[in-house]
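Written below as structure tokens is the structure these notes are about.
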Amino acid sequence: MPVVSLASLGRQLQELLKPPVNRCLTCGGRAVLNAGLPGICSRCAQRIPWIGRIRCSCCGRPVGCPDCLRPNRVERAFACNRSAVAYTAEMKEWISWYKYRGEEAYEPLLAAMLGRAYAAMQSELAIRDQGARTLESTGLFMKKWNRYKIERWQPDLITCVPVSEERLAERGFNQAERLAMFLAADRRIPFCPLLVRNRDTGKQSFKTRRERGDSMKSAFSAWPGIQELLWEARERRKGSSRIHHPLRVLLVDDIYTTGSTLEACSRVLRSEGEAIGLKLEVYGLTWARS
């Protein structure tokens, strides 16, 4: 029987007691993981193409937007959209691992990124709603929030863009729904499914702008019981200062391209609200903006 020295036993014990090696989800390297963005290292976190400055106040694009500036464009059914990141090749790879290859380890990361976009959206819309542009320009907004009694912007409901039965069977989950539920739980805002997808519209990235618009016609309908859900949200407002304001619905999706999906969903939601005498404001929140 081989003789094992105490020093050798000590080294083996140390190896067993070592914490597991942290490997970055995206680059695979050994690294100290970023605390605010679960699963990735600080180096990969620094490469994220966050959308910080917005050029288009409607769709949230960081560069000039031909979709929102078209002279023949009709008024949008949604109030605005905001996105966390620009849809670069690297971001496309991240969402593909989660959406098409079922890598659920990406879910907390993408949800955390969406949460940052939501926080930025809250600040921006609170400033806009209160007419406090001067605070924004002087940098006093976040520091003196309570002093100026600016109401924190918040939706009444969070919902998501639904997927077709075929896509749900293929992937096993709706990525927009999962991200929306993460956000709703973190912010303690009710999540409700409000829409149904009537048919599979195929991959929108392969279509022209006109083809996308045409494919979205009658693609969505209202969830059974949607009107009751909207009234319940309205009833929860009783006693608040927002009781007479339009009901705010936050619609979550993974990628915003031309806005045709968000537009089609928003029209259905607003129509259902109007049918029961409720005015709705629909706001889009997407993980990426192409």
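Side notes on the structure shown:
- Mean Cβ count within 10 Å, highest first, over the residues of peptides 272-284, 156-168: 156-168, 272-284
- FRET efficiency, 1/(1 + (r/R0)^6) with R0 45 Å, evaluated for ILE243 and ALA105 via beta carbons: 0.60
- Annotation: average projected area of the stretch 226-289 is 4.7 square nanometres, based on the convex hull of Cα atoms across all directions.
- Multiplying the residue separation of SER123 and GLU170 by 0.36 nm and removing their Cα-Cα distance gives an extension gain of 13.1 nm.
- Cα-projected label distance for SER42 with TRP231, points at 7 Å along beta-carbon direction, nm: 5.5 nm
- Cα centroid separation - the stretch 23-88 against the stretch 254-290, whole Å: 19 Å
- Site pair ARG188 and ARG55 shows an inter-label distance of 4.0 nm when each label is modelled 7 Å from Cα along Cα→Cβ.
Every number in this text was worked out from the coordinates using simple rules, so none of it is lab data. These numbers were taken from a predicted model, which means no experiment stands behind them. All Cβ positions, glycine included, derive from the backbone under ideal geometry; neighbour counts span all protein chains shown.
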